[in-house]
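S.K.: Could you have a look at this structure, given as structure tokens, before my questions?
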Amino acid sequence: MNIISLGAGVQSSVMALMAARGEIDTMPDCAVFSDTQWEPKKVYEHLNWLEKQLPFPVYRVTNGNLRNDAITNEPVRGRGTKKFSSIPWFTDKGGMGRRQCTFDYKIVPLQKKVRYLLGYKPRQRIPVDSAVLWIGISTDEAVRMKPSRERWIKNIWPLIDADMSRQNCLQWFAKHYPDRSLGKSSCLGCPFHNNAAWRELKMGDPDEWEDTVLVDSLIREKGSEEGKGKQYMHRSLKPIGEVDFRNLEDKGQLNMFNNECEGMCGV
């Protein structure tokens, strides 16, 4: 079974549309969108449109609301008692927190859905390479290519095979869908936003920005591991609502995804 890991960002959207138009040799059986329930509204609006363009089904799955879980420190379903925030926010003791959000909110629900589609029950043994998972990593992000942790899933990267960079993806989309635009898929409060992304969020939807500022204030104490200090969304260790993004350069900002587990976030 061939499944697209659909983030509804630039690369995974173009990959799905290329497959739909016969520009990739194999037609996927389906796509799976793992919903953290904390994406920008424009991502969900794009996903609604995208589903209508594809000849294969798109399944939406979730493992809970990442925003709400982060500020209440509730355990992720099926993982017992959580003692830390799964989002790697910056701390005033130096460095970043533990990163578990991609696994808990992206990988786990997707794998549950794929297991179900294959007809296997939880913990039932699945033959090697039963599922081929398409991941939308482009040539400029090839360092993110990582094999699946599960032997029954084989990860592949069709955009790499097609020698497509992120810019190539944007150009391809503009050629075929000139009246639409594409954007990055990432959670509103992701600490790996560069300053351009933060500026775009602040200048975009006022309600989303207001809620992001609220969540940033709420995480200051909640969710931190003992001894790790206070948490901040922005690397400056200032409340996000007080950061002046106008004079901040993006150079030197952490690359969110280079070491992201299995390359499934932000595509």
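The values are calculated or read from the model by the stated rules, or taken from the named source; none is laboratory data. Keep in mind it's a predicted model, so treat the numbers as computed, not measured. Here Cβ is always computed from backbone atoms with ideal geometry, including for glycine, and neighbour counts include all displayed protein chains. Side chains included, ligands, DNA and RNA excluded: accessible areas come from the protein's heavy atoms. Shrake-Rupley method; radii C 1.70, N 1.55, O 1.52, S 1.80 Å.
S.K.: Starting from the coordinates of the alpha-carbon atoms of the chain, obtain the Kirkwood hydrodynamic radius over all distinct pairs and give the value in Å to one decimal.
M.R.: 19.3
S.K.: Using +1 at the Cβ of each Lys and Arg and -1 at the Cβ of each Asp and Glu in the stretch 108-181, identify which of TRP157, TYR116, SER181 lies farthest towards the dipole's positive end.
M.R.: Working it through, the farthest residue towards the positive pole turns out to be TYR116.
S.K.: Give the accessible surface of the chain per residue, rounded to a whole number of Å², with probe radius 1.4 Å and ligands, DNA and RNA excluded.
M.R.: 49
S.K.: Going down the table (LYS121/LYS184; LYS52/LYS121; LYS112/LYS230; LYS41/LYS154; LYS42/LYS175; LYS184/LYS230), which pairs top 26 Å between alpha carbons?
M.R.: Violating the 26 Å Cα-Cα cut-off are LYS121/LYS184; LYS52/LYS121; LYS112/LYS230; LYS41/LYS154; LYS184/LYS230.
S.K.: So which residue, out of LYS112, LYS121, LYS230, gets the largest mean-square fluctuation from a GNM of the chain using Cα contacts under 10 Å as springs?
M.R.: Looking only at LYS112, LYS121, LYS230, the largest GNM fluctuation is found for LYS121.
S.K.: Moving to a separate point now. To the nearest 500 deg cm²/dmol, what mean residue ellipticity at 222 nm is calculated for the chain from DSSP H runs of n ≥ 4 alone, each contributing -39,500 (n - 2.57), summed and divided by the residues?
M.R.: Computed ellipticity for the chain at 222 nm equals -8500 deg cm²/dmol.
S.K.: So how far, in whole Å, is the C-alpha centre of the stretch 95-144 from the one of the stretch 171-243?
M.R.: 24
S.K.: I've got another one for you. Of the accessible area of the chain, with the probe set at 1.4 angstrom, what percent is carbon plus sulfur?
M.R.: 48
S.K.: Using a simple charge model, +1 on the beta-carbon of Lys and Arg, -1 on the beta-carbon of Asp and Glu, nothing else, what dipole does the chain show about its Cα centre, in debye to the nearest 20?
M.R.: Values: 39 positive and 34 negative charges, 196 e Å.
Magnitude of the dipole: close to 940 debye.
S.K.: Round to the nearest 10 and give me the degree value, 0 to 90, for the angle of helix 41-53's Cα axis relative to the longest principal axis of the chain.
M.R.: Approximately 0 degrees, to the nearest 10.
S.K.: Compare ARG123, ARG21, ARG67 by solvent-accessible area with a 1.4 Å probe and give them largest first, with all protein chains kept in place.
M.R.: Order by accessible area, largest first: ARG123, ARG21, ARG67.
S.K.: Further, regarding this structure: Which residue, HIS46, VAL61, SER148, has the largest displacement toward the positive end of the dipole of the chain when charges sit on each Cβ (Lys, Arg +1; Asp, Glu -1)?
M.R.: Positive-end residue among those listed: SER148.
S.K.: Sticking with this structure for a sec: Please sort by residue number the trypsin sites (Lys or Arg not before Pro) in the stretch 161-215 whose DSSP state is loop and whose Cβ has at most 13 other Cβ atoms within 10 Å.
M.R.: When the trypsin sites (Lys or Arg not before Pro) of the stretch 161-215 are filtered for loop state and at most 13 Cβ neighbours within 10 Å, ARG180 remain.
S.K.: Can you give the FRET efficiency to the nearest 0.05 for ILE156 and ASN247, using r as the Cβ-Cβ distance and R₀ = 41 Å?
M.R.: The value I calculate is 0.45.
S.K.: Just PRO40, PRO178, PRO191 to compare: in a GNM of the chain, with alpha carbon springs under 10 Å, which one fluctuates most?
M.R.: PRO178
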